[in-house]
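Single-structure report; data block below.
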Amino acid sequence: MIPRLRLTDIRKSFGATQALRGVRLEVQPGQVHALIGENGAGKSTLMKVLSGAHASDSGLIELDGLPFVPKNPLHSHRAGIAMIYQELNLAPHLSVEENILLAEPPHRFGWIQRSVRRDRARQALAELHAETIPLESSVQSLTIAQQQLVEIARALLGQPKVLIMDEPTSSLTRVDTENLFRVIERLKHRGVSVVYISHFLEECQRICDHYTVLRDGETVDDGPMKSANLRHIIQRMVGRDVNELYPRIPHAIGDPVLSVTGLRGVSKPSSVTFNLRRGEILGVAGLIGAGRTETLRALFGLDPVEDGSVSLNGRVSTKTNPRERLRQGVGLLSENRKEEGLLLNRSIADNLLMTRLGPLTRWGVVSHRLVRQASAEWMSAMEVRAQGPAQAIGELSGGNQQKVALGRLLYHDAQVLLLDEPTRGIDVGSKASIYRRIGQAAESGKSVIFVSSYLPELLGVCDTIAVMCRGALTTVKSASEWTEHGIIAAAIGQGDIDTDANAEPVGQVVGEAPPAGTQSNGLETN
Amino acid sequence: MNSPLFGIALSALLAGVAFAKEYTIAVIPKGTTHEFWKSIHAGAAKAEQELNSKGIKTKIFWKGPLREDDRDQQIQVVENFTSRKMSGIVLAPLDSRALVQPVKSAVQAGVPVLVIDSDLNSDKHLSFIATDNYKGGFMAGEQMVKLLGGKGNVILLRYQVGSASTEARENGFLDAIKKHPAIKLISSDQYAGATRETGYQASQNVLNRFGNQVDGIFCPCEPPTVAMAKALRDIGKAGGKVKMIGFDSGSASVLDLKNGDLQALVVQDPVKMGYLGVMTMAEHLQGKKVEKRIDTGVVLVTRENMEQPEMKELINPPLKKYLKE
Amino acid sequence: MSVVRNGTAGSETTARARRFLNAAGPFLGLLLVLLLLSLNSESREFIFTGANFKIVLIQTVIVGIGALGMTLIIVSGGIDLSVGSVVAFTSVLGARLLVADVNPALAVAGVILAGGAIGLINGAVIAGLRMMPFIVTLGMMGIIRGAAKWLSNKQTVSAPENSPVNAIMARLNPTEFLPLPAGVWIAVGLGIVMAFMMNRTVFGRHIFAIGSNEATARLCGIRVPLTKLWIYGLAGLFFGLSGLMQLSRLTQGDPSVAIGLELDIIAAVVIGGASLSGGTGSILGAMIGALIMAILRNGTNQMGWETYVQEIIIGGVIVLAVGLDKLRQSRSARV
C-alpha cells in the first residue's frame, strides 16, 4: 500500500541549532498516528515544515507516493494537509457559520449566499455529530471544545487527506475528550489520516494505531501502538544523560526566608502552604493550569491575594505590589518573555538595569558611564552574547534574552527569586548557563522558587520539589525522594495512592507543549 | 546654523536684481473655495492683464489660508510672502486684530500692504478698498421692512465672530429695522460659521426653534445665505412664505433668487474689489498717491431687475474670461 | 536614543553606525527638504535668507512646543487628541485674564497651569479607569473646545494692545535673522531640557519602559498609573504653553483656533521617528519633524503653489517618513 504521507530524513536548522536532524514518519490512509516527544523534540518545527511555514533544509516529503514540497500554508492546505493548532485559529467575534466558511464563503457576483453558507456549515457540523452548536452565535461564546469542533469542521470542508492535531485535548474536559475521540474515529472511517500529537500517552494508546517517537529532532522509535510498552516509549522519549546538564553547586540551606500559609487567589491558587529557606532551590511541578504561575504572581503582588498570609523574613506582608516586593528584595521572572518579561524594542542595558536605576544616577541624572560599566559587567557575568549593551533585546536569541531577564533579578540583588519557566523555549547551552546561575545564586545565600514543566531539570537542579494540583500545593519533599513518576502521580492528583515508580499504568507525562518549538531559538531573533 | 547666514548674504546679492524685473503682488483672500473669492481673483487677474498690456510687467500670486477661518494660517501666508520680498501684498484679513502684527512687520520689511474687503485695526496699510458693508446691511434692512409691510418677526443669522465686514452688515441691518417698532427681532445671536455645512446646521437649529413664527430672515454673506435657503426649503417655508434677503451672489443664491426662494440679494462688486486692489497697489508702486478709503459700491438685486445687463454682469461675473479655468 | 553608548570597539561598530543612522534619520530628511527647495533657482533666493528662517522658526514654535508634550505621551504608548482644543482654550483664558487686568506673569502661569490641569484630568481618567487614551482625549477635545467657546462667549477675546504677552512671539526687525522672539528661545531651551529629561532621568527611562511594554514596566516595579498621570500632566503644561504662544501670535484668544493642530503635532512626532505603538521616539526628532513641516509650508507658499499642492505634499511626506523608518527597522531586524 502506498502510504498517505511519508517523510524521509527531514532536516532543518535555525542558525547553529539543529531543530530537525533526520525525521522519519510514515502514515497510512485512515490511520491515526501518534507523534510523541518531549518539549523541544522538534514536533512543532515538523508541523511548520509540513504546513509550509518553514522550508526543510533537506529530506523528502511524499503525499500519496508523489513528492510534495509545501511552499506556503495555503499551498499545503490545498494539497490536503490540514492543521489544528493548540492555539485555535478562529475569529472570535464572528459567528460559527462565518468561521466555518471564512476563507471561501459561497458567493455569487461578490454577494455572499447566506442560505448556501448556512447549509454547508450545518452539514459540516453534522458530519462531526455536532449539530447542537448554534450557527448564529459568535465563536467567543462557545466552550473551548465547541470551538475546536468548529475548527475541525472548517478543516474538513477542504477535504483533507491528512489532519494534524497538536495537543487537541490539552484544554478539554474528560467528556469533551471522549467526544473528540469519537470524532477522530469517524474521520478515520472516512479514510482521513490523522497525526495526533500529544503528551498524554494513555490517550495515544487508546485511539492511535501507530506511533513515532521524536527526540532531539530525530525519529528514535516507531511501531504499532497495540503491542507497544509505554515504559519503553517513555525511555525512548527522555533518554538523555541528565548529569552533564545539571551542574551541582554545593550550597548550604539556612533559616526560612519566605513563609506562605493558606495562600488563595481570585480563582487560583486555592491553597498554597510552604516555607522557603535561605539558599534553597524549591522546584514547583504541576500540570498546565494547576496554578503555579498564579501562585508566583500573587506572591509578587501582580495578582490580588484573597486569603492566607505571606511573611518575609518573619514579617507578615501579604497584600503588596511589585514595587514593594522589589524593595523587599523579591524578584519575578515572567514565564512570558515577549509579552511581559522584556521591553523588546529597548536596549539590553535598559532591560538589565530598569528596576534599579538609582545607583547609576548622579544628582538625579542617569550617568552614561555607570550604565555602561554596569551593563558590560552583567552581560559578561550572564554570558550574554550580543553586539553591545545598546542592542535592542528583541534582536537576541531566546536564550540570550532569558539570560538578560534573569540578569535583571541578579543585578537588582533580589534575595528571593521567583522563576517561572526560566528555561522555556531556549537552547540547551543557555539552559545549562541558567542552571549554573541558579546554583550560584543559592550558593550566595539567595532563595529560589523554580517553576517548571520539565521534570528532569527540576530533579536535576532543585533541593526540594513541591507539586501543585488543581490550585493546591500538596506535597513538598526533598528532591532526592522524588521520581518522575511520583511527581506525575501527584500532579494528576493520585500522589497519595500511587507514588510507586513501578506501578502501572504510567499514564501521562507532565508537561506543556512548547509555544513555538523549544529548539527553534533562531526564530526568536526578531 | 550656517545656512541662514549664507542666505542673508545671498539675498543681499540678489534682492536688487529681483525688484527691477517686475511687480510681484500677492493677493491673499480669506479663503479660496467660495465664489466671492473667485470673483476677487478674477478682478485681480483682469488688472494683471491690463497692466501687462500697458507694458508694466506684473505677476500676481493668489494664495489663501488652508482653512477659511484659520487666522494663524493666514498670518503664516502673510509672513511667508513678506520674506519672499513681494513688491506688495493685497490682503483680505480674516481678523481685524490678529493680522495687525504681521502687516506691521511686512510694512517694516519694506513690503507695502493694501487691505480689501474687511478692515484692519491698523494705520500701517496703504488703503482700504471695500464695499460699504454697513450701507449694504442697511439697504437689506430697508428692503426687509418693505417686504414685510412694516411688521413681522425677523431673524438675523450672523456669520462669524471677528469678521469685520459681516459685522458691519449685521449692524446696518439691525439699525435699519430698529426704526420700525412693529418689526420684532426674534433671533440675532446665532452664528453660521465658515462653511456651508456649519451654516446649514445653524440654520436648521434656528428654524427648528423659530420656524413657525418667523416672517423674514437676513444672512450677511454667501455661505449662510445658501445654507438658510436650503433649510427653508426643507421645511417648506421657501418661495416667499418667509421673506429672505441674502448677501453676495453665488451661482446657488442666484438660482434661489430666480426661483423665488430669495426675495433679494445685496450684491457687492468683488471683481471690482480685486481689480482695484491690484491697480491701486500698482499705482502706489509707481509712486502715485492713493486714496485711504475706496468704496466699491453695493446694489440690491431682486427677481425683477436681475435680467438687466449690468445686474447680470454683477451677479454672474465673467470669471472664465480672466481665470483660465 | 539608548541609555548607553558603546565603549568597546569591534562588532559594535556596525550597530553603532546603524543607531546613528536611526537617530540622524529625521535630520537627513530635513536636509533633503532643504536640498529640494534649493533646486528651484527662483525660490532659492527667497527661501535661504535669515529673515525667512526666522519666520520658519516662529511658525514652528506652537507645533514644536506641543510636540514636546506629545512626544512624552506617544513614547509612553498613548495619544492626546485634545491638544488643539487645549491651545484654543488656554489662549482664550490668557486673553480674558489679561483683559481683567491680571498681572501678566500670573496670567502666563495661569495659562500654563490650566493646560497642566486638563492634562492631569486626561491622565487620571486614562490611568484610573484604564480607558483608551484615544477615546478619553477625543472626548476631552470636544469638552475643552466647547469650554473655550463658553469662556470666550463665542467671540475672539483681544488681549490689551500693549500687553507684554504680545511680545513673546512678536517679530521685531523683520529683515534680519536676529533678534529671534522669546518664544523661539523658550522652545529651543525646553527642547534641550526635555531631551535630557527623556534620556537621562529615571522618570524619562520609565516613560520608555511603559510605552515599550506596560506589563514589563509593572513587573519592574514602575508605578504605571502614577507615571501616566505625570506624563499627561506634564504634557498638558506644554500644551498650555503652546496656547500662550498662540495667544501672543494672534494677540487675541480665539476659541476656534488650532482646529486639527493635534494632527500636525502627532505628524511632527511621528516624522521624528516615534512609533504610535510606543517605546520609541525622540524629542530632537519631533522638533525636526515640526521644522520640516513648517519649511515645506513656507517653501510651497513662496513658490506660489496652490494650497492643495501643499496639503498633498505634506501628507505625502508623513507617509514617506514613516515608511522609510519601517524599512530601516526591518533592515536592522534582519541582521
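Computed from the C-beta positions of A:S311 and A:T483 and an R0 of 35 Å, the FRET efficiency is 0.60 to the nearest 0.05. With both labels modelled 7 Å from their Cα along Cα-to-Cβ, the C:L28 to A:R248 distance reads 5.8 nm.
Overall, the anisotropy analysis places the stretch C:230-314 in the oblate class: the square-rooted eigenvalues a ≥ b ≥ c of its C-alpha gyration tensor yield a/c not less than 1.5, with a/b not exceeding b/c. Taking every Cα-Cα distance in the protein assembly as shown and sorting them into 10 Å bins from zero, the calculated P(r) comes out as 2, 8, 14, 16, 15, 13, 11, 10, 7, 4, 1, 0 percent.
Entry note, chain A: relative contact order of 17 percent, from Cα contacts under 8 Å with a spacing of 6+ residues. Considering only C:G142, A:I36, C:V87, and ranking their Cα positions along the charge dipole of the protein assembly as shown that arises from unit charges at the beta-carbon of Lys, Arg, Asp and Glu, the one farthest toward the positive end is C:V87.
Can I get the semi-axes of chain B's equivalent ellipsoid? Compute them from the C-alpha gyration tensor as square roots of 5 times the eigenvalues, in angstrom, largest first.
Output for chain B: semi-axes of 40, 20, 17 Å.
Considering only beta bridges that DSSP places wholly inside the stretch A:5-242, some 55 percent are antiparallel.
Would you calculate the convex hull of the Cα atoms in the stretch A:5-242 and tell me its volume per residue in Å³?
Taking the convex hull of the Cα positions in the stretch A:5-242, it is 139 Å³ per residue.
Placing +1 on the Cβ of every Lys and Arg and -1 on the Cβ of every Asp and Glu, with nothing else charged, gives the stretch B:133-268 a dipole about its Cα centre of roughly 400 debye. State the Cα centre-to-centre distance between the stretch A:158-195 and the stretch C:31-101 in whole Å. Cα centroid of the stretch A:158-195 versus Cα centroid of the stretch C:31-101: 63 Å apart. Taking GluC sites (Glu not before Pro) as exposed when DSSP calls them loop and at most 13 other C-beta atoms lie within 10 angstrom, chain A has its longest site-free stretch at A:307-526. For the stretch A:5-242, the dipole from Cβ point charges (+1 on Lys and Arg, -1 on Asp and Glu) about the Cα centre works out to 420 debye, to the nearest 20.
For chain A, adding -39500 (n - 2.57) for each run of n ≥ 4 DSSP H residues and dividing by the number of residues yields -9000 deg cm²/dmol at 222 nm.
Amide H to amide H, with H built 1.01 Å from N, A:D64 comes under 5 Å of A:L5, A:R6, counting only residues 5 or more places away or on other chains. With neighbours defined as other Cβ atoms within 10 Å of a residue's Cβ, the residues C:W305, C:W230, B:W37, A:W111 order from fewest to most as A:W111, C:W305, C:W230, B:W37. For chain A, the alpha carbon positions stretch 71, 54, 45 Å along the principal axes, listed from largest to smallest. Spread over its residues, the convex hull of the C-alpha atoms of chain C is 151 Å³ per residue.
Residues C:T251, B:T296, B:T225, B:T33 in ascending order of nearby Cβ atoms (within 10 Å, fewest first): B:T33, B:T296, C:T251, B:T225. Look at where the Cα atoms of the stretch A:448-496 and of the stretch C:105-145 average out, and the two centres are 53 Å apart. Shielding value for C:254-267 is 3, the average number of Cβ atoms from other chains within 10 Å of each residue's Cβ. Once you order the gyration tensor axes a ≥ b ≥ c over the Cα atoms, which shape class does the stretch C:24-174 get: rounded for a/c under 1.5, otherwise prolate or oblate by comparing a/b with b/c? Note, shape of the stretch C:24-174 comes out oblate.
Label sites at B:Q308 and C:E42, each approximated as a point 7 angstrom past Cα along Cα to Cβ, lie 4.4 nm apart.
Among the listed pairs A:K12/A:K188; A:K43/A:K403; B:K241/B:K312; B:K59/B:K272; A:K319/A:K403; B:K63/B:K135, give every one whose C-alpha distance is greater than 22 Å.
A:K12/A:K188; A:K43/A:K403; B:K241/B:K312; A:K319/A:K403; B:K63/B:K135
Counting, for every residue in B:95-102, the Cβ atoms of other protein chains within 10 Å of its Cβ and taking the mean gives 6. Diffusion coefficient (Stokes-Einstein, Kirkwood radius over C-alpha pairs, 4 °C, 1.567 mPa s) for the stretch B:133-268: 92 µm²/s, rounded to a whole number.
Taking amide H as placed 1.01 Å from N in the peptide plane, the amide H of A:T475 sits under 5 Å from that of A:V467, each at least 5 places away or on another chain.
Averaging the Cα positions of each part gives two centres, and for the stretch B:95-121 and the stretch C:262-332 these lie 31 Å apart.
The ranking of C:F196, B:F138 by Cβ neighbour count inside 10 Å, starting from the fewest, reads C:F196, B:F138. Projected over every direction and averaged, the convex hull enclosing the alpha-carbon atoms of the stretch B:57-150 yields 8.0 nm². For the stretch A:358-411, trypsin sites (Lys or Arg not before Pro) are listed when DSSP marks them as loop and at most 16 other Cβ atoms sit within 10 Å of their Cβ; the list is A:R385.
Sort the following peptides by mean Cβ neighbour count (other Cβ atoms within 10 Å, averaged over residues), highest first: A:3-12, B:310-319.
A:3-12, B:310-319
Computing FRET efficiency as 1/(1 + (r/R0)^6) for C:L327 and A:V175, where r is the C-beta to C-beta distance and R0 is 60 Å, gives about 0.70. Put a dot 7 Å past the Cα of A:M1, heading toward its Cβ, do the same for A:V69, and the two dots end up 3.0 nm apart. For B:K184, the residues whose amide H sits under 5 Å from its own are B:G152, B:N153, B:V154, ignoring neighbours fewer than 5 places away on the same chain, with H placed 1.01 Å from N. For the stretch B:109-170, the list of trypsin sites (Lys or Arg not before Pro) that fall in a loop by DSSP and count at most 16 other C-beta atoms within 10 angstrom reads B:K124, B:K151. If a/c stays under 1.5 just call it rounded; otherwise compare a/b with b/c (prolate if a/b is bigger, oblate if not). Do that for the stretch C:136-198, with a ≥ b ≥ c from the square roots of the Cα gyration tensor eigenvalues. Oblate, because a/c is 1.5 or more while a/b does not exceed b/c. Inter-chain Cβ neighbour count for A:353-365, averaged per residue, equals 4 (cutoff 10 Å, partner chain atoms only). Between A:A55 and C:L113, the FRET efficiency from the beta-carbon distance, with R0 = 45 Å, is close to 0.15.
Bear in mind that the values in this text are calculations on the coordinates, not laboratory data. Computed from a predicted structure; not experimentally measured. So basically every Cβ, Gly included, is an ideal-geometry build from the backbone, and we count neighbours across all protein chains shown.
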